[in-house]
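A.B. asks: This is the structure I want to talk about, given as structure tokens.
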Amino acid sequence: MSKVKNWHLKREVEYPYDESRPKKQWAIIFDLNKCIACQTCTLACKTTWTSGKGQEYMFWNNVESKPYGGYPLAWDLRVLEKLGRQEWSEKGEYLGKTLIEASPAHERVLHFAPTDEDWMYPNVGEDDCAGAKVEGGGHIGALPHDKWFFYLPRTCAHCTYPACLAACPRKAIYKRPEDGIVLIDQTRCKGYGECVRACPYKKSMYNPHTRTSEKCVGCYPAVEQGIQPQCVVNCIGKIRVMGFVSPEGKARDDNPIDFLVHKLGLALPYYPQFGTEPNIYYIPPIHADREYLKQMFGPKVEAAIEKYKKLADDPVAHGLLCLIGSSDRIIHRFAVDKGVAAGFDEAGAEIVRVPVVEAVIERAAYDAKIGAIRNNTP
Amino acid sequence: MNRTTTWLGALVLALSISTSPACSKSAPSKPEPLKTLVVSKVSADLSKPDPDAAYWKDTPEGLVKMLAQPMIAPRPETTTTETIVVQAVHDGERAAFRLRWKDADKSEAGRLGEYSDGLALEFPVKDGPTPPVMMGGQGMPVHLFHWRAQYQRDEEQGKPTVKQLYPNQSVDMYPHEYKEAPGNPSAAEAFLPAVIEGNPQAYQKVSVDEILAEGYSTSSVVVGHGATAKGAWANGEWTLVIVRPLAIPGYSSLKLGAEGNVAFAVWQGGKGEVGSRKCVTMQWTPVRIQ
Ligand code: SF4
Ligand code: SF4
Ligand code: SF4
């Protein structure tokens, strides 16, 4: 076992291979306050990648309602249950064990192995509310709400220390040095399903037709051309942005992902305690139960929520959120100046420019020029 | 007398006589621990693997002790296959190995989390010092014959369709089937990465895979040289015959009058064994072809 630096946990963790960070690390940020569970992302991925034989129940992107939803069934609770209660220090250092550290010697990763039945209900628990009794008396008057649920869109996290990769005895899984995307080599995979067992996020799936395991490919053909993944560019709510995240200490303030993750501390990794350094980051929902959110996003969740509530006062952050969803290209650098936010590609060329506040134009309902009443249909 | 009795003891003797008189054979006495696997010549055509052939009656049985693969995780927590009973014959061209081991359930894999029963024979590729017994080592390759119940099912009944594996599965359509002329399999499969990449796993198998390896995590399926296999499961026991050509230049060869080496691995699919989750022999067994 090697000791590798995991900045999510502010400590070194055990991993079967040495630390070897990619030149750039693929990452997606999701604003959970804005997701409407329209599943457009799910379908965008499905029609692009998994409409073939053996992929009938396979959703590399899924959106589940928390706390009761889960694809596969209760995946996170079942992993948490195995791990047991663990602690964080006051300073945000993880004191508990990761799934690799907690693994029995004859396994590589502490895990639960999902069965067919677990994958069969991709949208179980949709819109189920948690919190106060439904009989009445509960009011949504204060934050957090006493009745709550939220939508959690998920892809593979292209982890820095992938559990899937660690578990594969054939070394058929690799992490690309150029962008950190984690792929299963479809020429070498023999369908042992070790990754399906080991991935704590349950994002490696078995294809019974090809008899190999398959997973989210991070839309690498698009990413190679500077274009964001299908599930990102098709997001109706414009709640997602894909880019590249730097490790702590190497963050650039003008990188949109680094800005939200490192500078503002607004976007947090989910279940960082699993120890894989997952690279999908979430802006936590401000209305949901805080204890639940702490379990999912760690001790920094309160600070992130407070930050989010004051976001409108930060013109740069405000500008950046306006850029999200405004271009299908990967924004490597952004700048906000005089009420205009601009995004630039890797070579530094401008790819998009948007006003931070749209101009409000008032006009009379009746347009004399065309002799008709105009509708403001958005 | 029933073969099973020779190693399962008196209790099973009583049981198996009452439950499986059909496979009664005059078997050699209780198999001794195998020191050297002596492969005698038989005047029979070994091109077809036959677990019930008459010549097995006169071929001595040797007992080989297995251990849960101890070196790398993931591995079985306990030894699931304690012993296998080994016999071997040759016809001047091919060698046939007959292997028996206890396995409570027959498992052929198919769905998620279902794994296949299996057995592998391992031979060093080069003469001289033997390679590390577990998957060989760098510059010291090993040549494996890997039988799986799943592969045998493929050979006998074709690769199972999704509908066969999941009879209640439903799907609106597979868009790729409409890409070109309907029913054109090349179009339908063209977007399945493992298929288009030529991964043998995604194609119909014959009973036994040939594999080369030079250490852990290096095994690769190679184009076969006509090895065949046939396993039969009854009463909680597999009886399997793997037939291989004696000489496979560039891979492994068993030479008349000379001594070689063999090692074994067994997987019990019903116990979740696959890949490195297996029971193995911890040392090479000498093989003498006479
Ligand atoms: S497309 Fe966007 S808004 Fe719709 S479910 Fe997916 S992440 Fe949420
Ligand atoms: S989320 Fe799972 S499948 Fe994806 S890289 Fe991490 S461990 Fe592997
Ligand atoms: S990144 Fe691409 S492959 Fe991965 S979930 Fe999104 S659309 Fe699917």
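A.B. asks: With respect to the cross-link table entries A:K238/A:K307; B:K30/B:K255; A:K10/A:K66, which display a Cα-Cα separation exceeding 22 Å?
C.D. replies: Too far apart for the 22 Å limit: B:K30/B:K255; A:K10/A:K66.
A.B. asks: May I pose another question? Can you give the percent of C-alpha pairs in segment A:166-276 whose distance is more than 21 Å?
C.D. replies: Value for segment A:166-276: 49 percent of Cα pairs lie more than 21 Å apart.
A.B. asks: Taking the Cβ-Cβ separation of A:S326 and A:E81 as r and a Förster radius of 41 Å, what is the calculated FRET efficiency to the nearest 0.05?
C.D. replies: 0.50
A.B. asks: Another question, if that's okay. Which FRET efficiency value, to the nearest 0.05, do you get for B:Y203 and A:E362 by plugging their Cβ-Cβ distance into 1/(1 + (r/R0)^6) with R0 = 51 Å?
C.D. replies: After rounding, the FRET efficiency stands at 0.15.
A.B. asks: Would you mind giving the mean number of other chain beta-carbons within 10 Å of the Cβ of each residue in A:204-210, as a whole number?
C.D. replies: For peptide A:204-210, the averaged partner shielding equals 6.
A.B. asks: Other chains near A:160-173: what is the mean number of their Cβ atoms within 10 Å of each residue's Cβ?
C.D. replies: Per residue, the average neighbour count from other chains is 2.
A.B. asks: Now for a different question. Average the reciprocal distances over every distinct pair of alpha-carbons in segment A:2-307, invert the result, and give the Kirkwood radius in Å.
C.D. replies: By the Kirkwood definition, the hydrodynamic radius is 19.6 Å.
A.B. asks: When the Karplus curve 6.51 cos²θ - 1.76 cosθ + 1.60 is applied with θ = phi - 60°, which whole-Hz ³J(HN,Hα) does each residue of segment A:340-355 get, with x for Gly and Pro?
C.D. replies: Result, rounded to whole Hz: 10, 9, 10, x, 10, 7, 4, 7, x, 6, 6, 10, 7, 8, 9, x.
A.B. asks: Over 21 Å between C-alpha atoms is what I'm after, so list which of A:K203/B:K278; B:K106/B:K230; A:K53/B:K159 land there.
C.D. replies: A:K203/B:K278
A.B. asks: A further question on this structure: What trypsin sites (Lys or Arg not before Pro) in segment A:293-378 are in a loop by DSSP, with at most 15 other Cβ atoms within 10 Å of the Cβ?
C.D. replies: Counting only loop positions with at most 15 other Cβ atoms within 10 Å, the trypsin sites (Lys or Arg not before Pro) in segment A:293-378 are A:K310, A:K338, A:R363, A:K369, A:R374.
A.B. asks: Quick one: if you take sqrt(5λ) for each eigenvalue of the C-alpha gyration tensor of chain B, what semi-axes come out, biggest first, whole angstrom?
C.D. replies: 33, 24, 19
A.B. asks: Give me the dipole magnitude in Debye, nearest 20, for segment B:126-275 about the Cα centre, with unit charges on the beta carbon: positive for Lys and Arg, negative for Asp and Glu.
C.D. replies: In debye, rounded to 20, segment B:126-275 gives about 260.
A.B. asks: How high is the relative contact order of segment A:313-378, in percent, with contacts defined as C-alpha pairs under 8 Å that are six or more residues apart?
C.D. replies: This gives 24 percent for segment A:313-378.
A.B. asks: Another question, if that's okay. What chymotrypsin sites (Phe, Trp or Tyr not before Pro) does segment B:203-241 have in DSSP loop regions with at most 16 other beta carbons within 10 Å?
C.D. replies: When the chymotrypsin sites (Phe, Trp or Tyr not before Pro) of segment B:203-241 are filtered for loop state and at most 16 Cβ neighbours within 10 Å, B:Y203 remain.
A.B. asks: What FRET efficiency would be calculated for the residue pair A:L43, B:Q290, taking the C-beta separation as r and a Förster radius of 60 Å, to the nearest 0.05?
C.D. replies: It comes out at approximately 0.35.
A.B. asks: In whole percent, what relative contact order does chain A give with Cα contacts below 8 Å and a gap of six or more residues?
C.D. replies: Normalised by residue count, the contact order of chain A is 20 percent.
A.B. asks: Who wins for biggest fluctuation among B:K57, B:K106, B:K163 in a Gaussian network model of chain B, springs between alpha carbons below 10 Å?
C.D. replies: B:K163
A.B. asks: I'd like to compare A:154-166, A:225-237: which one has the highest average count of other Cβ atoms within 10 Å, and what's the full order after that?
C.D. replies: Packing order, densest peptide first, comes out as A:154-166, A:225-237.
A.B. asks: For the protein assembly as shown, take the alpha-carbon Rg, divide it by the Kirkwood Rh, and send me Rg/Rh.
C.D. replies: Here Rg/Rh amounts to 1.07.
A.B. asks: Using the structure shown, list the pairs from A:K202/A:K250; A:K171/B:K163; A:K215/B:K163 with a Cα-Cα distance above 25 Å, or answer none.
C.D. replies: In this structure, A:K202/A:K250; A:K171/B:K163 lie more than 25 Å apart at Cα.
A.B. asks: Next question, about the same structure. Connecting C-alpha atoms closer than 10 Å in a GNM of chain B, tell me which of B:H146, B:H225, B:H176 has the biggest fluctuation.
C.D. replies: Judging by the Gaussian network model, the answer is B:H176.
A.B. asks: When the convex hull of the C-alpha atoms of segment A:313-378 is computed, what volume per residue in Å³ does it have?
C.D. replies: Dividing the Cα hull volume of segment A:313-378 by its residues yields 136 Å³.
A.B. asks: If you don't mind, there's one more thing I want to ask. From other protein chains only, count the Cβ atoms within 10 Å of every residue's Cβ in B:68-81, then give the mean.
C.D. replies: Mean partner-chain Cβ count within 10 Å for B:68-81: 3.
A.B. asks: Which one, A:D128, A:D254, A:D337, has the greatest fluctuation when you compute a Gaussian network model over chain A with C-alpha springs under 10 angstrom?
C.D. replies: Looking only at A:D128, A:D254, A:D337, the largest GNM fluctuation is found for A:D337.
A.B. asks: When the chain is fully extended, how far beyond the present Cα-Cα distance does A:T115 get from A:D128, taking 0.36 nm per residue of separation?
C.D. replies: Residue separation times 0.36 nm, minus the Cα-Cα distance, leaves 2.3 nm.
A.B. asks: Is it possible to state the helix-based mean residue ellipticity at 222 nm for chain A, with each DSSP H run of 4+ residues giving -39500 (n - 2.57), the sum divided by total residues, to the nearest 500 deg cm²/dmol? What is it?
C.D. replies: So the helix-based figure for chain A works out to -4500 deg cm²/dmol.
Taken together, the values in this text are just the output of simple stated rules run on the coordinates, not laboratory data. Since this is a predicted model, take the numbers as computed values, not measurements. Note: ideal-geometry Cβ built from the backbone for every residue, glycine included; neighbour counts use all protein chains shown.
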